[in-house]
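Let me begin by presenting the structure, written as structure tokens, before commenting on it.
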Amino acid sequence: MSASGGTKAIVAALAANLAIAVSKFVAFLFSGSSSMLAESVHSLADSGNQGLLLLGGKRAKREATPQHPFGYGRERYIYAFLVSIVLFSVGGMFALYEGYEKIKHPHEIEAWYWPVGVLAFAIIAEVFSFRTAIKESNEIRGNQSWKDFVRHAKAPELPVVLLEDLGALVGLILALGGVGLALLTGNGVWDGIGTLCIGVLLILIALVLAVETKSLLLGEAAGLDQVKKIEEALVDHDTVTGVIHMRTLHLGPDELLVAAKIAVQSDDTAARVAAAIDAAEGRVRDAVPIARVIYLEPDILRTPVVPS
């Protein structure tokens, strides 16, 4: 993922969420709608999440140190995981609590035009943010389905923003439904039910984000296409005759570690093997530019003896 693309989507989401959070809170003050309060906290949490993603991206650019020789690229994964925690605790759990309280102590919505008008504005703003995230994602998604893109993306920012914006749009529809039913029936319980639905939605999205970012934190290998390209680039069919085994690991979204044991001819000189390793590293970096840390170990391929 290009840094500019991810940053553009995050900034668009941040601007939309800050404006929406303020408008929702004003609507809550005038109407007393619990859906509006839950949604204002949701938008405020989303704004904090975008701030975390921007901070993670900035901190990940720090140079490697003796204590952290492989750099800080995985900080982007850590901050994306923090987003899931914030979304779960601040957004989801608060909405569940607020919905329960509204169902337990319902009251009619006052000044109905405030929540309805704010929800209409919020939907327009979220559509703008969601459209930006979709546009930026499409530039790198290729032929992947949206499900595969979210599951297998090595850069966490765009999947996080996509899921947040999707959750925000669905949440706004739920809030509008709860407020609308409360107004039509004169029963504030519907507003509380809408709030509970928003809470469940946010918790589900937070769980999906947590599972996906946990996998990135644990360390994921390169994609199958990249692995194939690396293996093909290593072999020159002269000095390097094959790949005995290989391991890859993402040190960050834009940095890949490659460790491989390569097969060389038994009668090759040390100088010839060293030159072949240098050439192989160059071919790998040309084929997969994010393969920045490469360790190659030469060995003699020993064909296993098949028992008779």
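The values are calculated or read from the model by the stated rules, or taken from the named source; none is laboratory data. Fair warning: this is a prediction, and the values are worked out from it, not measured in the lab. We place every Cβ from the backbone using ideal geometry, glycine too, and count neighbours over all the protein chains shown. Side chains included, ligands, DNA and RNA excluded: accessible areas come from the protein's heavy atoms. Shrake-Rupley method; radii C 1.70, N 1.55, O 1.52, S 1.80 Å.
So the values come out like this:
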{"read-out": "For the chain, built as a Gaussian network whose Cα springs stay under 10 Å, the top-fluctuating residue of ASP46, ASP286, ASP278", "value": "ASP278"}
{"read-out": "Beta bridges by DSSP in the chain, antiparallel share as percent, to the nearest 5", "value": "55 percent"}
{"read-out": "GluC sites (Glu not before Pro) within region 56-153: DSSP coil, no more than 16 neighbouring Cβ in 10 Å", "value": "GLU63, GLU108, GLU110"}
{"read-out": "Using alpha-carbon coordinates, inclination of helix 224-234 to the longest axis of the chain, degrees", "value": "20 degrees"}
{"read-out": "Long-range Cα-Cα pairs in region 144-192 (distance over 17 Å), rounded percent", "value": "52 percent"}
{"read-out": "Rel. contact order, % - alpha carbon contacts under 8 angstrom, at least six apart, region 163-238", "value": "25 percent"}
{"read-out": "Apportionment of accessible area to carbon and sulfur, the chain, percent (1.4 Å)", "value": "65 percent"}
{"read-out": "Nearest-20 debye value, the chain charge dipole, Cβ charges on Lys, Arg, Asp, Glu", "value": "200 debye"}
{"read-out": "MRE, 222 nm, helices only [DSSP H, n ≥ 4, -39500 (n - 2.57), over the chain, to nearest 500]", "value": "-22500 deg cm²/dmol"}
{"read-out": "Near-label residues of region 19-52 by backbone N, under 15 Å of a point 7 Å along Cα→Cβ of PHE128", "value": "19-24"}
{"read-out": "Which of PHE81, PHE70 is most accessible, then next, and so on - probe 1.4 Å", "value": "PHE70, PHE81"}
{"read-out": "Label of the coordinate-derived value, Cα extents along the principal axes in Å, listed as [x] 89, 46, 37; [y] 56, 39, 38; [z] 69, 56, 42", "value": "[x]"}
{"read-out": "Angle between the chain longest axis and helix 75-86 axis [Cα atoms, degrees, rounded to 10]", "value": "30 degrees"}
{"read-out": "Diffusion coefficient, µm² s⁻¹, Stokes-Einstein with Kirkwood Rh over alpha-carbon pairs of region 1-60 at 37 °C and 0.692 mPa s", "value": "269 µm²/s"}
{"read-out": "THR132, THR241, reordered so the largest accessible area comes first (probe 1.4 Å)", "value": "THR241, THR132"}
{"read-out": "By accessible area with a 1.4 Å probe, ligands and nucleic acids excluded, highest first: order of ARG272, ARG283, ARG292", "value": "ARG292, ARG272, ARG283"}
{"read-out": "GluC sites (Glu not before Pro) within region 221-308: DSSP coil, no more than 15 neighbouring Cβ in 10 Å", "value": "none"}
